[in-house]
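A.B. asks: Below you will find the structure I want to go over with you.
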Amino acid sequence: MRYRILGGTGIEVSTHCLGTMMFGAVGNPDHEECARIIHAALDHGINFVDTADMYSAGESETIVGKALKGRRDDVVLATKVHFQMGEGRNRSGNSRRWIVRAVEDSLRRLDTDWIDLYQVHRPDHGTDVEETLSVLGDLVRAGKIRAFGCSTFPAEEIVEAHHVAERRALPRFRTEQPPYSILARGIESSVLPVARRYGMGVLTWSPLASGFLSGKYRLGSAIDMTSGRAALTPARFDPAIPGNVAKLEAVEQLVELADSIGCTLPELAVAFPLAHPAVTSVITGPRTMEQLEALVKGAALVLDDATLDRIDEIVEPGRNLYHPDGAWRSPALADVTQRRRLPGDRSAG
């Protein structure tokens with residue numbers, strides 16, 4: 001396993017990061033098996049573990065905390081804050097009020113005195129970014145966190161946060177955690193160049209593109225639309241929709257490419273993000289030991305220029321064949337009132 005410096009922090013992290021979203025009720029509810037997976041990852045040389053308070057409503061953090069007993073000093077531990085935790089108001093977002101409470105809850109569940117990387121899980125337009133940077137800086141000075149970053153922020157909001165930090169003499173985001181895969185390359189046009197410009201570490205998620213690069217979904221094969229991701233978001237998987245056909249056609253070409261270089265499709269998919277000079281580490285989120293072993297097996301895979309050129313032919317740089325599940329969408333697009341003037345104010349004369 002190779003190691004890289006995380007965003008100029010001086011912290012060395014493995015180029016594979018163990019994601020734990022699938023540990024707990026939404027994935028693998030067996031705490032002991034999840035602990036064995038974590039221990040196996042550490043034994044393979046992975047020293048970077050990423051979780052979040054909202055993963056299985058805190059259960060993932062609890063599992064990680066129990067598994068790291070006796071090994072905490074050897075692990076770079078990352079978690080996140082933003083999403084709703086429990087019922088009631090002011091139990092989500094990026095405000096000082098919530099972050100001060102949320103970090104204590106995460107520390108308790110993780111059973112640790114500090115968090116190495118504390119990440120703002122999504123933007124929050126109800127909170128001034130100055131407020132967020134200020135409280136995160138206070139947490140660093142208090143010793144509760146070592147560094148902080150953002151996750152799934154668009155390029156313009158990363159730039160704004162850095163400008164605010166500079167103007168107000170506040171600590172800045174040191175990392176960004178975006179979705180990135182062969183089928184979702186949109187961040188290559190702006191987010192990754194901006195991250196490089198500011199010297200940010202980048203840890204990417206969803207390298208298997210919601211399972212499309214796992215080999216499970218193939219062109220011409222029946223897709224079970226009654227269970228799993230397909231049942232939750234049928235518009236992303238229904239083969240009758242042209243956009244999904246385009247994804248499946250790309251998968252067929254990628255399978256051929258993987259076969260030609262002697263690797264599996266998942267190995268090709270996980271190796272791809274690491275070839276980008278802006279990427280520090282790629283998050284893989286296994287649910288079982290078998291999935292972990294399959295992913296780690298491809299850690300030594302090096303994609304040569306010819307292979308990367310062929311990937312560029314299949315999915316051109318900067319193109320998204322689909323919008324990644326869970327990726328942030330701008331309110332300027334989602335809220336119609338932000339895109340349309342009142343009827344009486346739409347004419348030119």
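A.B. asks: With +1 on the Cβ of every Lys and Arg and -1 on the Cβ of every Asp and Glu, and nothing else charged, how large is the dipole of the chain about its Cα centre, in debye rounded to the nearest 20?
C.D. replies: For the chain, the charge dipole is close to 1020 debye.
A.B. asks: What's the magnitude of the charge dipole for region 220-349 around its Cα centre, counting Lys and Arg as +1 and Asp and Glu as -1 at the beta-carbon? Answer in Debye, nearest 20.
C.D. replies: The dipole magnitude comes to about 960 debye.
A.B. asks: I would also like to ask the following. Show the residues, 5+ positions off or on another chain, whose built amide H is closer than 5 Å to the amide H of Arg319.
C.D. replies: Under 5 Å from the amide H of Arg319: Arg185.
A.B. asks: Round to a whole angstrom and tell me the spacing of the C-alpha centers of region 284-305 and region 35-64.
C.D. replies: 16 Å
A.B. asks: Counting only protein heavy atoms and a 1.4 Å probe, tell me what percentage of the chain's accessible area is made up of carbon and sulfur.
C.D. replies: 49 percent
A.B. asks: Shifting gears a bit: Roughly what % of DSSP beta bridges within the chain run antiparallel, to the nearest 5?
C.D. replies: 15 percent
A.B. asks: Taking only protein heavy atoms into account and a 1.4 Å probe, give the accessible area per residue of the chain in Å².
C.D. replies: Ligands and nucleic acids excluded, the result is 46 Å² per residue.
A.B. asks: Something else: Between Ala250, Ala165, Ala332, where does the largest GNM mean-square fluctuation fall for the chain, given springs only between Cα atoms within less than 10 Å?
C.D. replies: Taking springs between Cα atoms under 10 Å, the residue moving most is Ala332.
A.B. asks: Glu130 to Ala142: extension gain in nm, 0.36 nm per residue of separation minus the Cα-Cα distance?
C.D. replies: So the chain would gain 2.5 nm between Glu130 and Ala142.
A.B. asks: Can you work out the Karplus-derived ³J(HN,Hα) for every residue in region 66-76? Use 6.51 cos²θ - 1.76 cosθ + 1.60 with θ = phi - 60°, whole Hz, and x for glycine or proline.
C.D. replies: Values per residue, Gly and Pro as x: 5, 5, 8, 4, x, 10, 4, 5, 8, 10, 8 Hz.
A.B. asks: Run the numbers for Glu104 and Arg91: contour at 0.36 nm per residue of separation, minus the present Cα-Cα distance, in nm.
C.D. replies: Gain in length upon complete extension: 3.4 nm.
A.B. asks: In addition: Once the other residues with Cβ under 15 Å from the Cβ of Ala57 are scored (Lys, Arg +1; Asp, Glu -1), what is the net sum?
C.D. replies: So the surrounding residues net to -1.
A.B. asks: Now for a different question. So how much slack lies between His39 and Phe83, counting 0.36 nm per residue of separation and subtracting their Cα-Cα distance, in nm?
C.D. replies: 13.0 nm
A.B. asks: Which net charge results when you count Lys and Arg as +1 and Asp and Glu as -1 among the other residues whose beta-carbon is under 10 Å from that of Asp138?
C.D. replies: Net local charge, Asp138 excluded: +3.
A.B. asks: Where the centre of each part is set by its Cα atoms, how far does region 321-349 sit from region 145-188, in angstrom?
C.D. replies: After rounding, the separation between the Cα centres reads 23 Å.
A.B. asks: Mind checking region 142-235 for chymotrypsin sites (Phe, Trp or Tyr not before Pro) that DSSP puts in a loop (not H, G, I, E or B) and that have at most 11 other Cβ atoms within 10 Å?
C.D. replies: Nothing satisfies the criteria.
A.B. asks: While we're on this one: Rounded to the nearest 0.05, what FRET efficiency do Ala169 and Leu342 have when you use their Cβ-Cβ distance and R0 = 45 Å?
C.D. replies: 0.65
A.B. asks: In addition: 5 Å is the cut-off here: which amide hydrogens, built 1.01 Å from N in the peptide plane, fall below it relative to Ile11, excluding neighbours closer than 5 in sequence?
C.D. replies: Amide H neighbours of Ile11: Leu6.
A.B. asks: Let me ask something else. With a Förster radius of 25 Å, plug the Cβ-Cβ distance of Ser227 and Met289 into 1/(1 + (r/R0)^6) and report the FRET value to the nearest 0.05.
C.D. replies: 0.65
A.B. asks: Just from its helices, what would the mean residue ellipticity at 222 nm be for the chain, if runs of 4 or more DSSP H residues each count -39500 (n - 2.57) and the sum is divided by every residue, rounded to the nearest 500 deg cm²/dmol?
C.D. replies: Rounded to the nearest 500, it is -11000 deg cm²/dmol.
A.B. asks: Still on this structure, I have one more. For a Förster distance of 30 Å, can you work out the FRET efficiency between the beta-carbons of Ala300 and Glu252, rounded to the nearest 0.05?
C.D. replies: The pair Ala300/Glu252 has a calculated efficiency of 0.70.
A.B. asks: Starting from region 64-139, pick out the trypsin sites (Lys or Arg not before Pro) whose DSSP state is loop and whose Cβ has at most 11 other Cβ atoms within 10 Å.
C.D. replies: Here the sparse-neighbourhood loop sites are Lys69, Arg89.
A.B. asks: In whole Hz and in residue order, list the ³J(HN,Hα) couplings for region 145-158 that follow from phi through the Karplus curve 6.51 cos²θ - 1.76 cosθ + 1.60, θ = phi - 60°; x for Gly and Pro.
C.D. replies: In residue order, the calculated couplings are 10, 9, 7, 9, x, 10, 9, 6, 8, x, 4, 5, 7, 5 Hz.
The values are calculated or read from the model by the stated rules, or taken from the named source; none is laboratory data. Please read all numbers here as calculations on a predicted model, not as lab measurements. Backbone-built Cβ (ideal geometry, glycine too); neighbour counts: all protein chains shown. The protein model used for the area step is the full one, side chains on, heavy atoms only, and it has no ligands, DNA or RNA in it. Shrake-Rupley method; radii C 1.70, N 1.55, O 1.52, S 1.80 Å.
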